[in-house]
Amino acid sequence: MAEMWSTLELALWNLLHRPGLADIADILVVAAIVYKLLMLTRETRGSAVLKGLLLLLVLVGISNMVGLTALNWLLTAVINNGPIVLVILFQPEIRKALEQIGRGARIDVRRADAQEDADKLIDEIIRCLLNLSRRRVGALIVFEGKTGLKDIIENGIPLDSQITAGLLENIFEPNTPLHDGAVVIRDKRIMSAASFLSLTDASISHDLGTRHRAALGVSETTDATVLIVSEETGIISMARGGKLMRHLDQKALRTILEGMYKPQRKGIGKLLKRGRKEGDK
């Protein structure tokens with residue numbers, strides 16, 4: 001371990017005093033590996049373990065430079081036995097990384113099918129919403145944006161399942177365990193059902209119920225897009241940025257969903273300009 005740390009110190013000294021192409025390449029490779037590890041462990045228990053490991057390495061370096069011999073000996077002993085512990089702790093992440101490497105040869109094929117997958121996903125969501133609207137079954141679907149909704153996902157029932165019209169309709173079917181609350185969708189996965197949202201304090205029309213208040217509430221504090229089906233009228237609405245747009249038809253729904261799953265489509269901008277705060281009515 002001491003030899004390894006001496007090598008790291010020498011590499012750092014060389015980088016600070018006479019950096020070359022090899023040093024720059026070395027740093028870029030290490031940065032890429034660290035970034036990949038962070039992405040693989042994001043929002044998992046491994047994330048906290050990885051942060052703890054990085055902190056431990058920093059403490060080893062500080063104790064070595066300052067001359068805290070006992071502390072450096074203790075931390076070095078822990079790190080010397082670290083590889084076995086890491087394999088055990090990061091077993092799911094290591095497996096995931098190896099699977100991704102094994103699928104590397106098919107990445108281009110998957111990208112070629114991305115457009116078709118997005119179209120299929122949009123069709124499934126639209127079919128679900130139109131069926132629920134026709135039957136006047138209430139629904140509340142939250143699409144996560146750049147603002148993470150982990151706290152909302154965790155207060156519901158975890159699913160992490162593929163998006164299909166049948167599954168979504170079954171979730172919102174009255175008198176079933178999951179129908180009360182919101183479904184949270186992250187990218188192309190249903191992350192949770194029966195999640196509860198904070199209600200808005202804004203003044204809205206009296207003919208709008210708890211679902212609309214909850215949709216406006218989450219849209220005021222995050223960049224999420226929320227689609228609502230009214231149980232009383234069957235009207236489909238959208239909440240975004242604290243604004244509510246009502247009476248959405250199939251064409252409007254497609255424009256909204258393509259704006260999320262096909263960002264190159266700009267039609268959603270014109271649609272959003274027609275929306276206004278429900279409280280202004």
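The values are calculated or read from the model by the stated rules, or taken from the named source; none is laboratory data. Remember, it's a predicted structure, so these values are computed and weren't measured experimentally. Here the Cβ positions follow ideal geometry from the backbone for every residue, glycine too, while neighbour counts run over all protein chains shown. Heads up: the accessible areas ignore ligands, DNA and RNA and are worked out on the full protein's heavy atoms, side chains in. Shrake-Rupley method; radii C 1.70, N 1.55, O 1.52, S 1.80 Å.
Details
- All helices (runs of 4 or more DSSP H) inside segment 149-259 with 1 or more residues being in contact with a Pro (Cβ under 6 Å, 6 or more places away or on another chain): none
- Scanning segment 134-149 for residues being open to solvent by less than 30 Å² (accessible area, probe 1.4 Å) and under 13 Å from residue 173 (Cα atoms) gives a total of 4.
- Residue within segment 173-190 that is over 15 Å from the mean Cα position of the chain (by Cα), of a type in the set (Val, Ile, Thr) and open to solvent by 10 Å² or more (accessible area, probe 1.4 Å) present: yes
- Positions within segment 98-144 being modelled with pLDDT of 90 or more, of a type outside the set (D, E, K, R) and closer than 25 Å to residue 222 by Cα, in sequence order: 121, 122, 125, 126, 128, 129, 138, 139, 140, 141, 142, 143
- For segment 126-149, the criterion of being over 17 Å from residue 234 (Cα atoms), in contact with a Phe, Trp or Tyr (Cβ under 8 Å, 6 or more places away or on another chain) and in contact (Cβ under 8 Å) with a residue 40 or more places away in the chain is met by none of the residues.
- Within the set 203, 198, 237, the sole residue that is under 18 Å from residue 253 (Cβ atoms) and either over 18 Å from the mean Cα position of the chain (by Cα) or free of Cβ contacts under 8 Å to residues at least 24 places away in the same chain (or both) turns out to be 237.
- If the condition is being closer than 17 Å to residue 259 by Cα and surrounded by fewer than 21 Cβ atoms within 10 Å (Cβ to Cβ), then segment 223-242 contributes 223, 241.
Residue-wise test of (1) hydroxyl-bearing (Ser, Thr, Tyr); (2) within 30 Å of residue 153 (Cβ to Cβ); (3) modelled with pLDDT of 65 or more.
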{"site": "35", "(1), (2), (3)": "yes, yes, yes"}
{"site": "39", "(1), (2), (3)": "no, yes, yes"}
{"site": "42", "(1), (2), (3)": "no, yes, no"}
{"site": "46", "(1), (2), (3)": "no, yes, no"}
{"site": "57", "(1), (2), (3)": "no, no, yes"}
{"site": "60", "(1), (2), (3)": "no, no, yes"}
{"site": "67", "(1), (2), (3)": "no, no, yes"}
{"site": "72", "(1), (2), (3)": "no, no, yes"}
{"site": "77", "(1), (2), (3)": "no, no, yes"}
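- Failed item, numbered, when residue 252 is tested on (1) of a type in the set (Gly, Ala, Ser); (2) surrounded by fewer than 19 Cβ atoms within 10 Å (Cβ to Cβ); (3) closer than 28 Å to residue 117 by Cα; (4) in contact with a Gly (Cβ under 9 Å, 6 or more places away or on another chain): (4)
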